[in-house]
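The values are calculated or read from the model by the stated rules, or taken from the named source; none is laboratory data. Please read all numbers here as calculations on a predicted model, not as lab measurements. Neighbour counts run over all protein chains shown; Cβ positions are idealised from the backbone, glycine included.
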Amino acid sequence: MKIRKLHRYVAIVMAPFLAFIGISGCLLLFRKTSLYEKETKELLVSLHTWEAVLPYVGLIFGIALLFLVVTGVIIFFKKKCLVKFHRDRE
C-alpha cells in the first residue's frame, strides 16, 4: 500500500477523534478561569485524555497523530523532490 493511501485512510478514521481532542483542548485553555465548575474541569480533562473511556486510548491517538505528521512530511518532501526532478530534466 502506498504511503499516501495509508496516510489518507488513517486520517479519515482518526479525524473525528482528533477533532474532539482539539475541541476539548481548546475548552481546557479556560480551566484556570472561573468559567466552569471543578466537576466540569475534571470531566473535560478525563474526556480530553480519554481516561473516561479507556485509559490507554489516548496513547493510540497520540501514535496515530505522530504517524500522520511523519507521513505528511514524507509526502510533502517526496512531492517537492519529484517536482524539482522534473523541472531539472526540462
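Cβ-Cβ contacts under 8 Å between residues 6 or more apart (or on different chains), taken from a first residue in region 45-68 that is aromatic (Phe, Trp, Tyr) to a second residue that is at pLDDT below 80, are listed as 61/50. When region 6-32 is limited to residues that are of a type in the set (Lys, Arg) and either surrounded by 12 or more Cβ atoms within 10 Å (Cβ to Cβ) or under 17 Å from the mean Cα position of the chain (by Cα) (or both), the one that is nearest to residue 77 (Cα to Cα) turns out to be 8.
Does residue 85 fit the bill of being modelled with pLDDT under 85 and of a type outside the set (Gly, Ala, Ser)? First the steps, then the outcome.
Values: modelled with pLDDT under 85: yes; of a type outside the set (Gly, Ala, Ser): yes.
Yes: the conditions hold for residue 85.
None of 54, 47, 35, 43 is hydrophobic (A, V, I, L, M, F, W, C), more than 16 Å from the chain's Cα centre (by Cα), surrounded by 14 or more Cβ atoms within 10 Å (Cβ to Cβ) and modelled with pLDDT under 85 except 43.
Kindly provide the set of residues from region 58-70 that are within 15 Å of residue 15 (Cα to Cα) and not small (Gly, Ala, Ser), ordered by number. Walk me through it before giving the result.
Initially, region 58-70 is screened for residues within 15 Å of residue 15 (Cα to Cα), giving 58, 60-69.
The answer is 60, 61, 63, 65, 66, 67, 68, 69.
When region 20-47 is filtered for residues that are aliphatic (A, V, I, L, M) and closer than 20 Å to residue 70 by Cβ, only 21 remains.
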